[in-house]
Structure formats: C-alpha cells, structure tokens
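See below for the structure under consideration.
Bear in mind these aren't lab numbers, they're just calculated from the coordinates by the rules spelled out. Computed from a prediction, not measured in an experiment: that's the story for all the values here. A quick note on method: Cβ atoms are made from the backbone with ideal geometry, for glycine too, and the neighbour counts reach across all protein chains shown.
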Amino acid sequence: MLKTVKNSVKNDSNFIDVEKVRRDFPLLQNHYNGRPIAFLDNAATTQKPQVVLDKLNEFYTQYNANVHRAIYHIGEQATREYEDARKKVSDFINAPDPSTIIFTRGATEAINLVAYSWGRHNLSPGDEILITEMEHHSNIIPWQLAVKDTGATLRYIPLHLPVDGTLDLQSLEVNLTNRTKLVAIVHQSNVFGTINPVKKIIKAAQSVGALVLLDSAQSVPHSKVDVQALDCDFLVFSGHKMMGPSGVGVLYAKETLLNSMEPFMGGGEMISTVSMEYSTWNDIPWKFEAGTPNIAQAIGLGAAVDYLNELNMESIHAHENELMDYASDMLKNTPRVILYGNGSKRGAIISFNVEGIHPHDLAQILDQDGIAVRAGHHCAQPIMKRLNVPATTRASFYVYNTKDEIDRLCEGIEKAINLLC
Ligand SMILES: Cc1ncc(COP(=O)(O)O)c(C=O)c1O
C-alpha cells in the first residue's frame, strides 16, 4: 500500500508539463516561414528561460559592480550573488565545497586550465594520458599541446568496430598502466549520445594511480551528476548548454589537487601578495580566476541551476528518454535514414545521415520549415573518420522539446528525399 502511494508520488513528480515549460522560453515563441521554431540543436547550445534573462537584466540594472573589491553596497551585492551562484553550482553536482568550483569561460577553457596548471607541471617523458576516439576536439587538442610541451604520450581508447558508438573497454585494460597519469574522457558523447560507464573507468584508473577528468558538457545539463559518488578528480561543463548564458563554464576539481596546482593565468584577484620580485597566490577558487570574471554570466548560471532544480533533473531525464525512444523509432522507420550509435545507455542525442543527401543540404531544407538541427563533424573529426563520413546530421533534445517536433523532423526528411533523391 505504502509502496503504491510512493510510486504514484514519484510518477507525479516526474511529470513535465512541456507546454508550460515552453512558455518560459521567449525564443521558442518565434516563428520562421510561418512555422514555430523547433530547436533540435541542444547539444550545441540551449535556449534561455525568462528567469535567466531577468537575472542578467537584474544584475546590470541593480547591482552592476566588480566583485571582491568594492566596499559600497552594490559591489557587496554583486559579490554575494556571484558567490551564491558558485554555491548553487557546487550543490548541483554535489561538490564537497564551493571552493572546488572554478568559474571558467566554458568546458573548453576548463580542460585547458587542467592541461596547463596540472599537465605542464606533472607530466614528463614516459608518462601517458589516455583519452578516447569519442572525444570532442576540446578534450583532444589541449592534451596534444600538453604532450608536445612535456614529452608525455597521448593514447586513445578506440571505438568498437564496426562503430556502434561505444568504447572498446577491453582496450582500456590494455592501455591503462602505471605510466598512465590521467584518463580524460567524455561522460556523454556529443555525437552518439552514448553515456560512458565512467564509474567503472574511474575505478580502473584509480587502480593504477591515474587521475580522471570527466568532460561532462553533455551530461550535467541532462541528468543528476554527483562528483563525490563518481569520485572523479576533475569534471568540466559549460553554462550555455544548461540554459545559462554563454561565456561561463565550470571546472570542479578535488581540493588537494587545486591547492597543489599552479595558477592558470596571472593578474588581479588571483594573488595574495605582489612584490617586485615575486608573488603569492590567493586561496582556491580565486587562485584560478584571474582578472574580472564573467560576473553576470555566473549569476545567470545560478538562475539556470535554480530553474533546472525546480523542474527536477530526474523529470528532465525521464522526459528526454521518452523523446529519444520516440525519435529512434520514428527515424528507424523513415526511408533512407542511417542511424549512428546504438549503445544501451544513451542521452537525448541522435546522429544520422540520409542516403543520397548531404547533411548540409538536409539541414537547409529543414531550416525552411523552422527546424534547427546541426550538420557537420560536431567537433569530433576522429569519429567521422571512424564512421567514414565527412559529416552527420544531429538532432538533440532538451526538456522543452515535444514529440510533435520529432514528427516535423521526420516529415522534413521525407520532404528532402522527395526534393533531392
Ligand atoms: C562533449 C563536449 N565537450 C566539450 C564541449 C565544449 O564546450 P564549450 O564550447 O562550451 O567550451 C562540447 C561542446 O559542444 C561538447 O559537446
């Protein structure tokens, strides 16, 4: 009896009233060529709810001042709001303390920060960094640059062949040795949607004493991520992919690592004392936030976190799973569509091609009907090489998307086939 009541409460709390949610997003009220905009490019960036836009406006109209330095009241309010945003982000990913949250420009900058502040000081010839063939360029290039500077070696965990969008984990075991100093891995692929078994990978890495960096740019916006439960050493994500403003992202790192790492950039705020000869560093997190930070953007991200919490991450995830199941079924039954990736655990990202149609042509035809999808290599050229295609079309969903929009996507594909094939 009790169990039934509990389940029914859970079901209720899992319910997302999409039409109500959509009304919170001004951009989604727009039309193009007489059709409502179907924004299906959420892996690239996401739309912003009115509460986030209002928060940005509130900052600029009511307490626009620099942080951590002003004695006057609006400066103190700006500082309070900025640090409150850090606390909200910290709680959102269950970090042990807000001081372990560094605001960056985005996931890319956060990975570069680790590659410089940790990588340049801890890697030497003979050391290895292990990444995967599934990475976004932002988790490849910083490591290519780091090994060039340090003489370390970069190794890759391959994709299963034939490519099904999952990693060959047997190869992880072979490649993971006591030479491995860092495993840097995407949590959820931005091409296949595959959710990698990161907990298992972290355990394996720890057994050889390697650190783990998770690129969670595609996972934190869509499901509950708990850094303490995962026990990862570094985790990065971007505000703009989770309804926040562009220009703000996050690096989470374990406190001991942050304390032992050298600063990333030098300038105001990151110092404790400065003399003509040498300087000493501020405490974390400010040691890594040189210069005036992206104050409004961080505060806006705090508002996005509040909004996501209000919707409930489990409900968001459940809604997206439903969309994903529907889209997979619909696309499987659409003629000429080739789907990429069929891992058993996937987020709401689906990549495909249509036989005989270049992805760019398809995206243009869909755009005429107000449907926004991404066509290209998705900043993941090694994956395109493995798939032996120059590009794919990608539809990616968020909590405000509907099955109707997926129907429109499939109708648009059929229209393109009739026009071009
Ligand atoms: C998996 C993944 N990692 C990193 C990034 C980089 O994010 P940003 O460009 O916001 O720094 C992206 C962006 O698409 C991504 O999908």
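Here are a few things to note about the model shown:
- In the chain, the DSSP beta bridges split such that about 60 percent are antiparallel, to the nearest 5.
- Estimated [θ] at 222 nm from DSSP helical runs (n ≥ 4, -39500 (n - 2.57)) normalised by residues in the chain, nearest 500: -12000 deg cm²/dmol
- Shape call, segment 64-169: gyration tensor on alpha carbons, a/c limit 1.5: prolate
- Remark on Asp41: its backbone amide H falls under 5 Å from those of Ser396, a criterion applied only to residues 5 or more positions apart or on other chains, H modelled at 1.01 Å from N.
- Viscosity 0.890 mPa s, 25 °C: Kirkwood-radius Stokes-Einstein D of the chain over Cα pairs, µm²/s: 108 µm²/s
- Couplings 3J(HN,Hα) for segment 218-224, derived from phi with the Karplus relation 6.51 cos²θ - 1.76 cosθ + 1.60 (θ = phi - 60°), are 9, 9, 4, x, 10, 7, 6 Hz, where x marks Gly and Pro.
- About the centre of its Cα atoms, segment 35-89 shows a dipole size close to 120 debye [charges on the beta carbon of Lys, Arg (+1) and Asp, Glu (-1) only; nearest 20 debye].
- Here r is the Cβ-Cβ distance between Asp325 and Ser207 and R0 is 45 Å; the resulting FRET efficiency, rounded to 0.05, is 0.80.
- Electrostatic tally near Gln188: other residues with Cβ closer than 10 Å to its Cβ, Lys and Arg +1, Asp and Glu -1, net +1.
- Annotation for segment 22-81: chymotrypsin sites (Phe, Trp or Tyr not before Pro) lying in DSSP loop with at most 10 further Cβ atoms inside 10 Å of their Cβ are Tyr72.
- Among Ala210, Leu419, Asn139 - extreme Cα towards positive end, dipole of the chain, charges at beta-carbon: Ala210
- The phi torsions of segment 402-419, fed into the Karplus equation with coefficients 6.51, -1.76 and 1.60 and a -60° offset, translate into couplings of 10, 5, 4, 5, 5, 4, 5, 4, 5, 4, x, 5, 5, 4, 5, 4, 4, 6 Hz, rounded to whole numbers, with Gly and Pro shown as x.
- Backbone HN-Hα couplings from phi across segment 337-352 [Karplus 6.51/-1.76/1.60, Hz, Gly and Pro as x]: 7, 10, 9, 10, x, 9, x, 6, 10, 9, x, 8, 9, 9, 10, 7
- Neighbourhood net charge (15 Å Cβ-Cβ; Lys/Arg +1, Asp/Glu -1) for Gln381: +2
- The residue among Thr180, His121, Pro263 whose Cα reaches farthest toward the positive pole of the charge dipole of the chain, with charges on the beta-carbon of Lys, Arg, Asp and Glu, is Thr180.
- FRET E, pair Asn33, Met265, Förster distance 56 Å, beta-carbon r, rounded to 0.05: 0.80
- Placing a pseudo-label 7 Å from each Cα along the Cα-to-Cβ vector at Asn64 and Met276 gives an inter-label distance of 4.0 nm.
- Among the chymotrypsin sites (Phe, Trp or Tyr not before Pro) in segment 268-315, those located in a DSSP loop and surrounded by at most 13 other Cβ atoms within 10 Å of their own Cβ are Tyr278.
- Paramagnetic label reach from Asn94 (point 7 Å along Cα→Cβ; backbone nitrogen cut-off under 14 Å): within segment 204-235, residues 223-232.
- Relative to the current alpha-carbon distance between Lys20 and Glu314, full extension at 0.36 nm per residue lengthens the span by 104.1 nm.
- Under the shape rule built on the C-alpha gyration tensor, where the axes satisfy a ≥ b ≥ c, segment 257-320 is prolate, since a/c reaches at least 1.5 and a/b is greater than b/c.
- The peptide list 289-296, 258-265, put in order of mean Cβ contacts within 10 Å with the highest first, becomes 289-296, 258-265.
- Here the Gaussian network model covers the chain, with springs between Cα atoms less than 10 Å apart; of Val67, Val186, Val21, Val21 fluctuates the most.
- Going by neighbour counts of Cβ atoms within 10 Å, the residues His358, His222, His136 line up, fewest first, as His358, His136, His222.
- Selection of trypsin sites (Lys or Arg not before Pro), segment 36-132, meeting DSSP coil and at most 16 other Cβ within 10 Å: Arg69
- The length gained on full extension between Leu161 and Glu414, counted as 0.36 nm times the residue separation minus their Cα-Cα distance, comes to 88.1 nm.
- Net charge in the neighbourhood of Val198 (other residues with Cβ under 11 Å of its Cβ; Lys, Arg +1, Asp, Glu -1) is +2.
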